[in-house]
Structures are given as C-alpha cells and as structure tokens.
Amino acid sequence: MLKLCEDIKEIDFLMPDPYAARISALAKTYGFGQSFVLFWTQYVENEPVAAVSRIDGNMSIFCSEKTDFEELSAFIKTVGFSSLACREENMNRLGFEAAKASYIVKYNGAVAPADPCIIWDYDKKAVYELLCDCGFEMGDYGAFVADYCSKLNKGTAKLAAIADSELKACASALFVGEKSVLLGAVATRKSARGKGYASKAVTALVNSFSDKSVFLFCRNDDLLDFYKKIGFESDGRWAETVSY
C-alpha cells in the first residue's frame, strides 16, 4: 500500500542513501500539503519499505530490500513523471529503461581540518554561470536560484566556493537529509583546473557533515577514479529516465 505523507515522521525510516537524502531534504525544505511537491511511503505488512517524492514532476525513489516493486511500478505509471531517478538496479526492477546512468560514490575517508581558502557563501549568479559553462543542464536561472536559496535558508543545502577576483571552483551539498547528504554541482573554471580546487571544495563539504553519510553522483564513469583519490568509494550506480 502507498500512502500520501502528511508529516515528516512518516519518512523517519529512511536509511543513509542518496535518494533518501533527496527525499528527506525536500520534505524539510518544502513541508507537506503543497500541490507542487508530494511524498508517498509504501507499506508492506504495516512496515515502511519505500518512499517517493515528486516535485514539479521530477520523481525520486528510495527502495529497501522489502519493497514491493510490482505495486510501486504500477503506482508510478499511474501518477506519472517528467523525470524519474533511483538506483540503477531499482530502475530495472521497476521496469523502466535508464536514459543515463553512472556511479554513486560514498565518502569513506578521514575527516580533515577545513581549508582556509573555502568561502561558504558566494554570488549565486556566478555559481549558476560557472555550472552552465562546465556543461551542467541548469534550466532557467530564476527557478535555480529560487530552489537553491530555499534549501540554503532551510539548511538543506550548502555551498563551498573558492574565489579571488572571480569564482574559481564550487561544490554544493545539494540535499542535506536527516541521515545522509548528496553532494553535486562540482565545477572548476577552465583556467583554474589542475590546482586541486574542486577537491578542496568537495572535501570541505564532506568534513562539515561528519555525522552523516555523504554521497555524490559521478556525472560519467570517467570521474570514478578522481573521487576515489579523495576518499570516496563506489556505492552502486544512479539512473534517470524521462517522461511517463
């Protein structure tokens, strides 16, 4: 049975996982009872076993070993989505074909002192422009800054930047959940590459969440070795598909 959530306690069962981080952070940011963001929990024999969030049609799914994938798949197809994101093995079990996929990495390194060059706030337009220049699919700036600032204000996102007269590199905790954090939007200006700036920004964020499990999605398979060098290890694969 899938039940529409009305309170954050209904997703307290979520375990450390990148998709749990997404769902938990969205719930903490936007709350319940709004039409543009909805949350559901699946129960099997009265035990919560899966969770779904959908914000503006973009759906994220957390699954446990006890998830009823047949029921969950039928529900997703009934509700519909503009994009669907979950672990690759769960995408397959739900019967959808991934449009893109790559590695999930989880931090397993040592906690180190914060680098003094890190700036914990920076001009959001400069961040947006750097991400666009580095090939991220950003969409409209207004939508980006509204969502990003909402999460920053609620403590469900965090920015780490390195800059002098201009922004050199940045990384973000995009979703700060109850037990886990999902990092992303890691970018370095072309003229500043090869100096370890991205590593410093990512490491600073990891160190600031030492009480939580920290995950990151590699944009492509080639980045796996880079993240392993700074303390991450492979933790499966993420997958996304579009429109149903």
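Anyone know which of 85, 27, 192 comes out most mobile in the 10 Å Cα GNM of the chain?
Taking springs between Cα atoms under 10 Å, the residue moving most is 192.
Heavy-atom accessible area per residue, the chain, 1.4 Å probe: how many Å²? Mind dumping the intermediate values first?
Details: 11520 Å² over 244 residues.
Heavy-atom accessible area per residue stands at 47 Å².
Cα-based count: Lys pairs in segment 1-148 below 24 Å, eight or more positions apart or different chains?
Close lysine pairs under the 24 Å cut-off: 10.
Count of lysine pairs in segment 163-244 with Cα atoms under 26 Å apart, counting only pairs 8 or more residues apart in sequence or on different chains?
19
Restricting to the chain, compute how many DSSP beta bridges are antiparallel as a %, nearest 5.
On the way: 46 of 53 bridges.
Here the share of antiparallel DSSP bridges comes out near 85 percent.
With all protein chains present, how much of the accessible area of segment 142-200 (probe radius 1.4 Å) comes from carbon and sulfur, to the nearest whole percent? All intermediate terms of the calculation are to be shown ahead of the outcome.
Numbers: 1160 of 2380 Å².
Ligands and nucleic acids excluded, carbon and sulfur give 49 percent.
With the full set of protein chains in place, find how many percent of the accessible area of segment 1-135 is carbon and sulfur; take the probe as 1.4 Å.
Values: 3170 of 6540 Å².
Solvent-exposed carbon and sulfur of segment 1-135 make up 48 percent of the total.
Which loop-located trypsin sites (Lys or Arg not before Pro) does segment 43-99 contain, where loop means any DSSP state but H, G, I, E or B and the Cβ has at most 13 other Cβ atoms within 10 Å?
Working: sites: 54, 66, 77, 87, 93; in loops: 66.
Sparse-neighbourhood loop trypsin sites (Lys or Arg not before Pro): 66.
Using alpha carbons only, how many degrees (0 to 90, rounded to 10) separate the axis of helix 197-208 from the longest principal axis of the chain?
Approximately 50 degrees, to the nearest ten.
For segment 41-110, would you read off the P(r) tail past 20 Å as a percentage of all alpha carbon pairs? Let's see the in-between values first.
Values: 753 of 2415 pairs.
Counting every Cα pair in segment 41-110, those more than 20 Å apart make up 31 percent.
Once both axes come from the Cα atoms, what is the angle between helix 18-30 and the longest principal axis of the chain, in degrees from 0 to 90, rounded to 10?
In the chain, helix 18-30 runs at an angle near 90 degrees to the longest axis.
Give the longest segment of the chain that steers clear of GluC sites (Glu not before Pro) in DSSP loops with at most 15 neighbouring Cβ atoms within 10 Å, not counting the sites themselves. Write out the running numbers ahead of the final one.
Working: sites that count: 6, 45, 65, 97, 137, 166.
In the chain, the maximal stretch lacking such sites is 167-244.
May I ask you to list the chymotrypsin sites (Phe, Trp or Tyr not before Pro) in segment 1-65 that are in a DSSP loop and have at most 11 other Cβ atoms within 10 Å of their Cβ?
When the chymotrypsin sites (Phe, Trp or Tyr not before Pro) of segment 1-65 are filtered for loop state and at most 11 Cβ neighbours within 10 Å, 36 remain.
With every protein chain left in place, what is the accessible area of residue 15 in Å² (1.4 Å probe, nearest 10)?
Surface open to solvent at residue 15 totals about 110 Å².
Along the charge dipole of the chain, which of 11, 108, 165 sits closest to the positive end, that is, farthest toward it, with unit charges on the beta carbon of Lys, Arg, Asp and Glu (+1, +1, -1, -1)?
My answer, from the dipole projection, is 165.
The values are calculated or read from the model by the stated rules, or taken from the named source; none is laboratory data. The structure displayed is predicted, hence computed values, not measured ones. Here Cβ is always computed from backbone atoms with ideal geometry, including for glycine, and neighbour counts include all displayed protein chains. The protein model used for the area step is the full one, side chains on, heavy atoms only, and it has no ligands, DNA or RNA in it. Shrake-Rupley method; radii C 1.70, N 1.55, O 1.52, S 1.80 Å.
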